[in-house]
Amino acid sequence: MLGFIVRRILTAILVVFLTSIFVFVLLYKGVANPAGPVCDAQGRCTAERLAAIEASMGLNDPILQQYGEFAGGVFTGRTVSFGETEYDCPAPCLGVSYGTRGLITDELVDRLPATISLAVGASIIYLVVGVTLGVLAAKKRGTATDRVLVSSSLVVSSIPYYLFCLLAYIFLVLKYPVFDETGYLPITEGVGAFFLAMLLPWLVLGLFSSSNYARFTRGQMVETLGEDYIRTASAKGVSGNKVVFGHALRAAIVPIVTIFGLDFAALLGGTIFTEQIFRIDGIGLWALDAVTRPPLDFPVVIATVLVVAVIITIANLVVDIVYGFLDPRVRIS
């Protein structure tokens, strides 16, 4: 098991390293000039001023040297220059925002709790509701209950999420104020206020995602319930609930763990539509603002991509390790 974990950790480090190189080169050697937004923000951008800013930012250096300074700053810190202005960026340095002139690390830390709160609440809902409905559908397979549950999940999945989210906000907040105005409040300002502000976003994202879990869980449960050892247990007189929950669900939960880990990582990466519609200032909305509002904020884009890559890689690593404990056969792969 130790060798399995070490291999997965080395693979995870390699994935993050390659992702950082790809994103850095793509943005800083792409069609847009990273010095352009900085020059425009300082007033009338002349060719001489643009050239001076490019030189101060090190954009005339070889790309590998630029990446080396960026990567080194993550571990040791560095000085970020915009023309004649310099910023001290301590480790872990992800750069300075073009728009706010704030440290990317500080802005990331400020926004990450909102995204984590959204992701944790929604994931609990879609895992519990989705698995419960899937088990119920499998237990009642072939009946009207099964058909209603499967059909309902297909209807929900067929609706674009942004439309589902927007309609929930319009009808449940604006037209019929079942919920108060949504947003993110730190839990330190009151547990009740925190839950009330996040309840609707949790429900919308959780219930929408639960439809996929319901269908997947049903498929896994139906397949497992058809196994020989399940039929043997039933023939020996084991109660129906014990067969379903004690044997079938235990076996079916392994692939569900895999999907849950990846979905949770994607949620932590930022749910842009949810944060935009429900006014949650998380990293998804932060990344959207970086590319849609001038100036185009290259450091924020790179930081969010790297953070998402790290989160997804860690989630994959955790899922692989958990999977290895649940199913020892994967340890040799």
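The values are calculated or read from the model by the stated rules, or taken from the named source; none is laboratory data. Since we're looking at a predicted model, the values are computed, not measured. Note: ideal-geometry Cβ built from the backbone for every residue, glycine included; neighbour counts use all protein chains shown. Protein only, heavy atoms only, side chains kept; ligands, DNA and RNA dropped before computing areas. Shrake-Rupley method; radii C 1.70, N 1.55, O 1.52, S 1.80 Å.
Going by what's in this entry, would residue 59 be described as crowded, with 19+ Cβ neighbours inside 10 Å and assigned to a loop (DSSP other than H, G, I, E, B)?
Values: crowded, with 19+ Cβ neighbours inside 10 Å: no; assigned to a loop (DSSP other than H, G, I, E, B): yes.
It is false that residue 59 is crowded, with 19+ Cβ neighbours inside 10 Å and assigned to a loop (DSSP other than H, G, I, E, B).
Output the number of the condition that residue 30 fails; it satisfies all remaining conditions of (1) surrounded by fewer than 15 Cβ atoms within 10 Å (Cβ to Cβ); (2) assigned to a helix (DSSP H, G or I).
Residue 30 satisfies all of (1) surrounded by fewer than 15 Cβ atoms within 10 Å (Cβ to Cβ); (2) assigned to a helix (DSSP H, G or I) except (2).
Report, by residue number, each residue of the stretch 241-250 that is within 27 Å of the chain's Cα centre (by Cα) and of a type in the set (A, V, I, L, M, F, W, C).
Of the stretch 241-250, the ones within 27 Å of the chain's Cα centre (by Cα) are 249-250.
If the condition is that a residue be within 27 Å of the chain's Cα centre (by Cα) and of a type in the set (A, V, I, L, M, F, W, C), then 249 is the only one that fits.
Looking at 96, 135, 109 in this structure, which one is open to solvent by 40 Å² or more (accessible area, probe 1.4 Å) and among the aliphatic types (A, V, I, L, M)?
It is 109.
Note down all Cβ pairs under 8 Å where the first residue falls in the stretch 48-64 and is over 17 Å from residue 96 (Cβ atoms), the second is open to solvent by less than 40 Å² (accessible area, probe 1.4 Å) and in a loop (DSSP other than H, G, I, E, B), and they're at least six residues apart or on different chains.
49/83; 52/83
What's the number of the condition residue 22 fails, among (1) in a helix (DSSP H, G or I); (2) modelled with pLDDT of 80 or more; (3) surrounded by 13 or more Cβ atoms within 10 Å (Cβ to Cβ)?
(3)
Looking at the stretch 199-220, is at least one residue out of contact with any His (no Cβ under 6 Å at 6 or more places or on another chain), of a type in the set (Gly, Ala, Ser) and surrounded by fewer than 17 Cβ atoms within 10 Å (Cβ to Cβ)?
Taking every residue of the stretch 199-220 in turn, at least one turns out to be out of contact with any His (no Cβ under 6 Å at 6 or more places or on another chain), of a type in the set (Gly, Ala, Ser) and surrounded by fewer than 17 Cβ atoms within 10 Å (Cβ to Cβ).
Of the residues 237, 192, 183, only one is open to solvent by 40 Å² or more (accessible area, probe 1.4 Å), part of a loop (DSSP other than H, G, I, E, B) and of a type outside the set (Asp, Glu); which?
Every option except 237 fails the conditions.
Just to be sure, is residue 9 over 18 Å from residue 83 (Cβ atoms), open to solvent by 60 Å² or more (accessible area, probe 1.4 Å), out of contact with any Phe, Trp or Tyr (no Cβ under 8 Å at 6 or more places or on another chain) and in contact (Cβ under 8 Å) with a residue 40 or more places away in the chain? Can you show your working first?
Details: over 18 Å from residue 83 (Cβ atoms): yes; open to solvent by 60 Å² or more (accessible area, probe 1.4 Å): yes; out of contact with any Phe, Trp or Tyr (no Cβ under 8 Å at 6 or more places or on another chain): yes; in contact (Cβ under 8 Å) with a residue 40 or more places away in the chain: yes.
So residue 9 fits the description; yes.
Report the residue count in the stretch 265-324 for those that are within 28 Å of residue 11 (Cβ to Cβ) and charged (D, E, K, R).
Residues in the stretch 265-324 being within 28 Å of residue 11 (Cβ to Cβ) and charged (D, E, K, R): 1 in total.
Return the pairs, sorted by first residue and then second, in which the second residue is open to solvent by less than 20 Å² (accessible area, probe 1.4 Å) and among the small types (Gly, Ala, Ser), the first residue lies in the stretch 70-96 and is touching a residue at least 60 places away in the same chain (Cβ under 8 Å) and under 19 Å from residue 18 (Cα atoms), the beta carbons are less than 6 Å apart, and the residues are 6+ apart or on different chains.
Partner pairs satisfying both residue conditions: 94/303.
Would you pick out the residues in the stretch 274-290 that are of a type in the set (A, V, I, L, M), in a helix (DSSP H, G or I) and open to solvent by less than 10 Å² (accessible area, probe 1.4 Å)?
If the condition is that a residue be of a type in the set (A, V, I, L, M), in a helix (DSSP H, G or I) and open to solvent by less than 10 Å² (accessible area, probe 1.4 Å), then 283, 290 are the ones that fit.
How many residues are outside any helix (DSSP H, G or I) and among the hydroxyl-bearing types (Ser, Thr, Tyr) when one looks only at the stretch 152-180?
Adding up the residues that qualify gives 1.
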